[in-house]
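Undergrad: Supplied in structure tokens, the structure appears directly below.
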């Protein structure tokens, strides 16, 4: 059956090879597709090639993908993504700033996503979430082994088949087993300017160290705690008058803005992950 | 005579047309050129297409340019630039921060340019400039009509045939006639976050207005005073404890960094001008 | 009747005079008050003195104020403020980002204020506001003279006796008569880095101008449109790939953060207004 | 002998005690001194009190200090500093950006200091330094034990009796013995956003980690490498297109601005060190 669409994001990752752009743009040309925007990057160290084109015209997704796959090296990855709302599930604990920022953007129609549910290990945020007409699923970890708790969370997640899981200040560490169920699909906001102050209470650490700037890092979650590919970072200045709670308060503004920025980048298919890094177009 | 080179910057500006990227990359491919980096942009409002590719391989500049011109629409502009040191002349008055920053970078080998001379309407900076082994040309404006002064400056400039003229806090307004002698070739640092506080003593104006941030703008000079295409901007925070001289002092750091950043962008052929705007790749 | 309290913010504005700090700190000392924090500023141009002290101990507000008034010059203003929740009313039109950010902070307990109501000239935001259990008052301006509309808004405001009115993207211009009803009490977020791009659609203006940075300004509202004393400003970088709607979208993040930051400063009695400027401690 | 002066910076560090501000301002008042600016800070965790007042009038330094010492607790430190040019020695290796930035500010009269000499372990920068009429002392470390090299450097330093030593990209690690010769007097610029990426080639580390922001930290040198009290920090955004050399190049701009900012703060006696932190007024 033919599926005619108007616009697609073409995402290619490949070994770099002479003529790649030529071959890909030839496919676009022969399909009478307009290139609305186009960005490429070659990582010199690894020889990897990345390309994100937004094309418009009349085409079949499967057919276009087939033609592109023939144009690129064998090991290459080609995705043809029709822009549209992705499915996300948010996970939280009890802090509302990052979660609330996403909810407001959602209510505002700013997010190109449907929030299927919010899963939390505390029930603090239930009334906030429910105000937005979103299912709030409380899965307490009290008295449960970590594996059992994660098993229950995974069971809920499975029902929603989310494209991405957003940890909006979810304060529990995920096991490698959990992470491997959603590889490259879990986005976290780290309350620090990575790689600084890994671990518990980074604001306390930042305060003790007397820093003059604090930051936040949005990253994909991998097995290494706080060590996944960085999507976005930002900072704000602080000074000696900030105690660690003031730093935390100031940090919240950076955290929420950085997480929402990262989420929008991911929802717009602007982020390629390779090794422990990202290309952000 | 054949002129074989290894690397070139290909700069194309054109009406947007389907197949443009295809045709250009076909030329690269048929000449066995590697694309080291490639950036494109289409301005939706005006339908203009911009492309900057860095290619490497064996080729003749003239031949490559000819082939590219055949591949693009008739009105398109195609430049094939061999990376290399451009010739610049700096113009200054008496403030040393922006000039000095460029001189230090020059001494450091950071600038891909030769500073042919510094032309100033005061002699305050002569010893600083001469320390760097650069000709300092003092052309006083005292008792001269504006046109006569500019005539003398132009006469000196002519000797050096500069690719770009950098106004490093040159505090005189240039006439349209002067500007038209070097269209798109004169870079200025404006001591304000344009379009705010146009005209004399913007720091005084900023102080009076009680702003909490001050900025600087590097732009190409056009007939409209302080209104040319913006290349780079940046800001720093200030507060009520800053009087206007403090703001000026703080502003100097932004001014020099922004001007040097803009200069490097221009020297690397990363800036396209169209209408009153720039595309900065 | 004695009103014993533990902590107060002492806010003094005065002509500068030798011995002022001495006389004020003498009052604190003689009342056995601890100075938890203390900030002073003298504006050299106007000779105005500003002081904000947080003191703790046992005291009567009225008595302390009386003693302080005796210690300072006759024209001085002395306020002894017991920290506590202020009453605010928000005004909005149809954009939710600034309003939503305040609501989330409110729900989070971050604001030292009670939001008495949201007044809007459209009903777009009613469901969002009501989710937070806050009265939403829709006063349409359709078919009404400006004065009549404002009369109705003022009538509602009067019921709440707000300490501050926050214009969270309220898109109507207030008349001098309205403003004079709440002098120094109305906070606005201007969608631009003042003084640039005053008036309608500043993002469109910023786009046309090709700026590389956009900003937002929170300020007190005075009779001069967009010209009141600035409380806070911030910026974010943009580039040629942003059309004006992208700039607007990016600008929203700055707008909401700047407005909330300004609101918190005001609620903490950290902002003095003098002339067309602010001192922000 | 009487030493009458017009203006002084009074710097007090003490255990916090009720009435401190009162007692100190009483001394000012009784000496008919104007307070031009005044900043205080109490660190709640440690109960330390910091005060920096700029006073003007007629007074003797020794007499004023004596009176102030009587007004404060026994363990307090009181310094009465007459504003004036401090003596500094710069130390460098072969990179010119941080050194050059200081030299240009020096030539410009912006620094309230005399640069007595530049000491370097390479001779790369000799011609740059000598252009500014400043003694360049090359003390090669080739074939020398660390202690012997430092002994020679210390011998030179001794001749100049510097108030501060500025490590402007001095790429050798100082021994605790060296540091203890100038406690709280050595300022370093760390090519990273501390505490991240301590040690060799932080730009390489930052690149490997795929960070989106890089920074620089100016700090006092203590025995712990890269761990002294932070004076100033700043950052700039980078992205995937930066290889580590690009990051290094971009980082230089932050490094030099941050170091010069820290130096100016120190020269203006605005920095108190306590424990491993600073109070920066």
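Undergrad: Just rank D:180, A:37, D:260, fewest to most, by other beta-carbon atoms within 10 angstrom.
TA: So the residues, fewest neighbours to most, are D:180, A:37, D:260.
Undergrad: Return the FRET efficiency for the residue pair residue C:245, residue D:151: r is the Cβ-Cβ distance, R0 is 60 Å, and the value is rounded to the nearest 0.05.
TA: So the FRET efficiency works out to roughly 0.35.
Undergrad: Rounded to the nearest 5, what % of the DSSP beta bridges within region A:144-247 are antiparallel ones?
TA: 80 percent
Undergrad: Place the label 7 angstrom along Cα→C-beta at residue D:200 and in each other copy, then list the distances from the first to the rest in nm, shortest first.
TA: Ordered by increasing distance: 3.5, 5.9, 6.4 nm.
Undergrad: What distance in nm separates the simple spin-label points at residue B:74 and residue B:159, each placed 7 Å from Cα in the Cβ direction?
TA: 4.5 nm
Undergrad: Show me the ranking of peptides B:18-29, C:213-224 by mean Cβ neighbours inside 10 Å, starting with the highest.
TA: Highest to lowest by the protection proxy: C:213-224, B:18-29.
Undergrad: Quick one: in region A:5-81, what % of C-alpha pairs are over 22 Å apart?
TA: Details: 449 of 2926 pairs.
Everything past 22 Å amounts to 15 percent.
Undergrad: Any number yet on Rg/Rh for region C:118-228, C-alpha, Kirkwood?
TA: 0.99
Undergrad: Find, among the residues of chain C, the one whose Cβ sits nearest the axis of the rotation taking C to D; state the distance in whole Å.
TA: Its Cβ sits closest to the axis: C:25, 3.
Undergrad: Could you give the Stokes-Einstein D for the protein assembly as shown in µm² per second, using the C-alpha Kirkwood radius, 10 °C, 1.306 mPa s? Please list the in-between numbers first.
TA: Working: Rh = 32.3 Å.
Answer, rounded: 49 µm²/s.
Undergrad: What is the angle, in °, between the Cα long axis of helix B:61-71 and the longest principal axis of the Cα atoms in chain B? Nearest 10 is fine, range 0 to 90.
TA: So the inclination is approximately 70 degrees.
Undergrad: Can you give me the Rg/Rh ratio for region A:197-247, using Cα atoms for both radii and the Kirkwood formula for Rh?
TA: That ratio equals 1.02.
Undergrad: With axes computed from alpha carbons, what is the tilt in degrees of helix C:146-160 against the longest principal axis of chain C, rounded to the nearest 10 within 0 to 90?
TA: The helix C:146-160 is inclined about 40 degrees to chain C.
Undergrad: Treat the count of other C-beta atoms within 10 Å as a stand-in for reagent exposure and order A:243, C:234 from fewest to most. Don't skip to the end; give the middle numbers.
TA: Details: A:243 15, C:234 20.
Sorted ascending by nearby Cβ count, the order is A:243, C:234.
Undergrad: Further question on the same structure: If each residue of separation counts as 0.36 nm, what is the full-extension length gain between residue C:175 and residue C:32 once their alpha-carbon separation is subtracted?
TA: Working: separation 143, 0.36 × 143 = 51.48 nm, distance 4.76 nm.
46.7 nm is the gain from fully extending residue C:175 to residue C:32.
Undergrad: Same structure again: Using the alpha-carbon atoms, what tilt in degrees (0 to 90, nearest 10) does helix A:97-107 show relative to the longest principal axis of chain A?
TA: 50 degrees
Undergrad: Between Rg and the Kirkwood Rh of region A:86-280, both from Cα atoms, what is the Rg to Rh ratio?
TA: Radius of gyration relative to Kirkwood radius: 0.95.
Undergrad: At residue B:62, with labels set 7 Å past Cα in the Cβ direction, how many nm apart are the copies from this one, shortest first?
TA: The projected label point of residue B:62 is separated from its counterparts by 5.5, 8.6, 9.8 nm.
Undergrad: Moving on. Determine the percent antiparallel among the DSSP beta bridges restricted to the protein assembly as shown, to the nearest 5.
TA: Within the protein assembly as shown, antiparallel bridges account for around 70 percent of the total.
Undergrad: As a test, work out the antiparallel percent of DSSP beta bridges whose residues both lie in chain B, rounded to the nearest 5. Could you put the intermediate results ahead of the total?
TA: Values: 40 of 57 bridges.
Counting only bridges with both partners in chain B, antiparallel ones make up about 70 percent.
Undergrad: Residue by residue through A:54-61, how many Cβ atoms from other chains fall within 10 Å of the Cβ on average?
TA: Working: counts 0, 0, 0, 1, 0, 0, 0, 0.
Shielding by partners across A:54-61 averages 0.
Undergrad: So which residue, out of B:87, B:256, B:212, gets the largest mean-square fluctuation from a GNM of chain B using Cα contacts under 10 Å as springs?
TA: B:212
Undergrad: Sorted from shortest, what are the nm distances separating the label point of residue D:74 from equivalent points in the other copies, each placed 7 Å from Cα along Cα to C-beta?
TA: In nanometres, ordered from closest: 4.8, 8.6, 9.7.
Every number in this text was worked out from the coordinates using simple rules, so none of it is lab data. All figures in this text were calculated on a predicted structure; none of them were measured in a lab. Positions of Cβ are generated from backbone atoms using ideal geometry, with glycine treated the same way; all protein chains shown enter the neighbour counts.
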